[in-house]
Amino acid sequence: MNSKTKPLPPVNDKAGLIKHVESLLKCRRCPEMHPPVVSGGPVLSRVMLVGQAPGDKEPKLGRPFAWTAGKTLFRWFNEAAGIDEAKFRASVYMAAVCRCFPGKKASGGDRVPSPEEIKKCSAWLDRELEMLRPALVIPVGKLAIAQFMEADKLNGVVGQVFRLNRGGVPFDLIPLPHSSGASPWRYSAAGKPLLAKALLLIANHPAIKEIKGNK
């Protein structure tokens, strides 16, 4: 795809987005998932963040990235772009690969959603891309990155901007590692500078500058 392709004009259908989120919250397509659906709400935005799946705390607190991984993630955005958690939640559409808590593995830790569950939930993400026409998509973690591109190793994708087109919607993709403490890559000799580079690219992206008021 031509890297100079401009993003589509923004959509200001707030009522349509509210209706979409209302339908999303009622979704019960995956019997092995643990509802309720976790949503960041109907935020009209040119920036979309795509997480992996909620943990066990997010359904109780009613918002994505509500626990320790969220604290780290919002610290990254605050330090790199000057956008605190409240501003981020109010200004960025927060999606995910799967919107319900997958449950725990018998061996401990959160269960990874199945390919069938990911496929079923991807319809919501496709519709959100169509409705919002984001200029910037930020996938957090390998599972989220993999919904947009092949990513065997984080070293090959973090710290770069990729120009993609999904469903006729062109956008920039800037991948991030997961902010969970269980993901040690971000502390590694290779990971630490690549994470810093990715956050700088996000901070300097025009869609983020719009949020900051620095058009």
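Scanning region 125-175 for residues that are without any contact (Cβ under 8 Å) to a residue 60 or more places away in the chain, touching a helix residue (DSSP H, G or I) at 6+ places or on another chain (Cβ under 7 Å) and part of a strand (DSSP E or B) yields a count of 1. The set of residues in region 89-112 being exposed (fewer than 13 other Cβ atoms within 10 Å of the Cβ) and hydroxyl-bearing (Ser, Thr, Tyr) consists of Ser107 alone. The set of residues from region 63-121 being assigned to a helix (DSSP H, G or I) and acidic (Asp, Glu) comprises Glu79, Glu85, Glu116, Glu117.
Condition check for Arg89 on (1) of a type outside the set (Asp, Glu); (2) over 20 Å from Leu132 (Cβ atoms); (3) at pLDDT 95 or above: one failure, at (2). Is it the case that some residue within region 33-51 is under 24 Å from Leu176 (Cβ atoms) and surrounded by fewer than 17 Cβ atoms within 10 Å (Cβ to Cβ)? Scanning region 33-51, I find at least one residue that is under 24 Å from Leu176 (Cβ atoms) and surrounded by fewer than 17 Cβ atoms within 10 Å (Cβ to Cβ), so the answer is yes.
For Leu73, indicate whether it is farther than 15 Å from Glu128 by Cα, touching a strand residue (DSSP E or B) at 6+ places or on another chain (Cβ under 8 Å) and either of a type in the set (Asp, Glu) or touching a residue at least 12 places away in the same chain (Cβ under 8 Å) (or both). Before you say what the answer is, go through the steps one by one.
Numbers: farther than 15 Å from Glu128 by Cα: yes; touching a strand residue (DSSP E or B) at 6+ places or on another chain (Cβ under 8 Å): yes; either of a type in the set (Asp, Glu) or touching a residue at least 12 places away in the same chain (Cβ under 8 Å) (or both): yes.
Taking the combined requirement at face value, the residue satisfies it.
Does Val92 satisfy the criteria of being more than 30 Å from Tyr187 (Cα to Cα) and under 19 Å from the mean Cα position of the chain (by Cα)?
No, not satisfied.
The values are calculated or read from the model by the stated rules, or taken from the named source; none is laboratory data. For clarity, every value in this text was computed on a predicted model and none was experimentally measured. Positions of Cβ are backbone-derived with ideal geometry, glycine not excepted, and every protein chain shown enters the neighbour counts.
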